[in-house]
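The values are calculated or read from the model by the stated rules, or taken from the named source; none is laboratory data. What you see is a predicted model, and the numbers here were worked out from it, not measured in a lab. Cβ sites come from the backbone with ideal geometry, for glycine too, and all protein chains shown count toward neighbours.
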Amino acid sequence: MFWLLAILAYLLGSLSFAILLSRLTGNPDPRMSGSGNAGATNMLRLAGKKLAILTLLGDLCKGLLPVLIAGVAGLSLQDQAWIGVCAVIGHLFPLYFRFRGGKGVATAAGMLLGLYPPAALLAVCAWLLTFYLTRTSSLAALIATPLTLPLLAWQEPAALLPMSTLTGLIVWRHRGNLRDLFAGRERHF
């Protein structure tokens, strides 16, 4: 059951709502415009609030649904977390879009929401506060994601290894943003 759900999570994660919505509405491919990222932030820049919100909700749900299904199937919390990681990997490297996807933040938030809602709430609050203070989405993601690790270590240690792996992936996907942040060139809203 674990491997079947992991594969299904990856395939679901591979659905890029930013790309699909752009194609449906005649907007430019987000991988070729703006920041080049297939995610909600770039959709906000390229296509406006409505499509950005729809992208955010779609990406959030594709992280949440596999975790909920794994929970209903009776899998352990650690297995649920690894299945959530598979959904995020699908978002990062989507099978249907030549393995060029987004940065995984919204999909990871959906995964956290399914695993342990207080960690998702902490991440959202940290993201919002950082974004409010800096107007920089990438910095908000780079602060919010690792902040969940101590809470998970304390309350849900079974999810710590998968979430640590996921945090590493998200930081790695933001490596260009990190270079731009350190050089003072990162995009602000």
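A single member of ARG179, ARG175, ARG185 is surrounded by fewer than 19 Cβ atoms within 10 Å (Cβ to Cβ), within 22 Å of ALA87 (Cβ to Cβ), at pLDDT below 95 and of a type in the set (D, E, K, R), and it is ARG175.
Okay, residues lined up against (1) under 21 Å from ARG187 (Cβ atoms); (2) in contact with a helix residue (DSSP H, G or I) (Cβ under 6 Å, 6 or more places away or on another chain):
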{"position": "LEU8", "(1), (2)": "no, no"}
{"position": "LEU11", "(1), (2)": "no, no"}
{"position": "SER16", "(1), (2)": "yes, yes"}
{"position": "ILE19", "(1), (2)": "yes, yes"}
{"position": "LEU24", "(1), (2)": "no, no"}
{"position": "GLY34", "(1), (2)": "yes, yes"}
{"position": "ASN42", "(1), (2)": "yes, no"}
{"position": "ALA47", "(1), (2)": "yes, no"}
{"position": "THR55", "(1), (2)": "yes, yes"}
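Only one entry of ALA140, ALA126, ALA159, ALA153 meets the criterion of being under 14 Å from the mean Cα position of the chain (by Cα) and part of a helix (DSSP H, G or I), and that entry is ALA140.
Being among the hydroxyl-bearing types (Ser, Thr, Tyr), modelled with pLDDT under 95 and in contact with a helix residue (DSSP H, G or I) (Cβ under 9 Å, 6 or more places away or on another chain), is that true of even one residue in the range 149-167? Break it down into steps so the answer makes sense when it comes.
Step one: list which residues in the range 149-167 are among the hydroxyl-bearing types (Ser, Thr, Tyr), which gives 164-165, 167.
Now restrict to residues that are modelled with pLDDT under 95: none.
The answer is no, given that none of the residues of the range 149-167 is among the hydroxyl-bearing types (Ser, Thr, Tyr), modelled with pLDDT under 95 and in contact with a helix residue (DSSP H, G or I) (Cβ under 9 Å, 6 or more places away or on another chain).
Being among the β-branched types (Val, Ile, Thr) and over 21 Å from THR145 (Cβ atoms) is a description that does not apply to VAL85.
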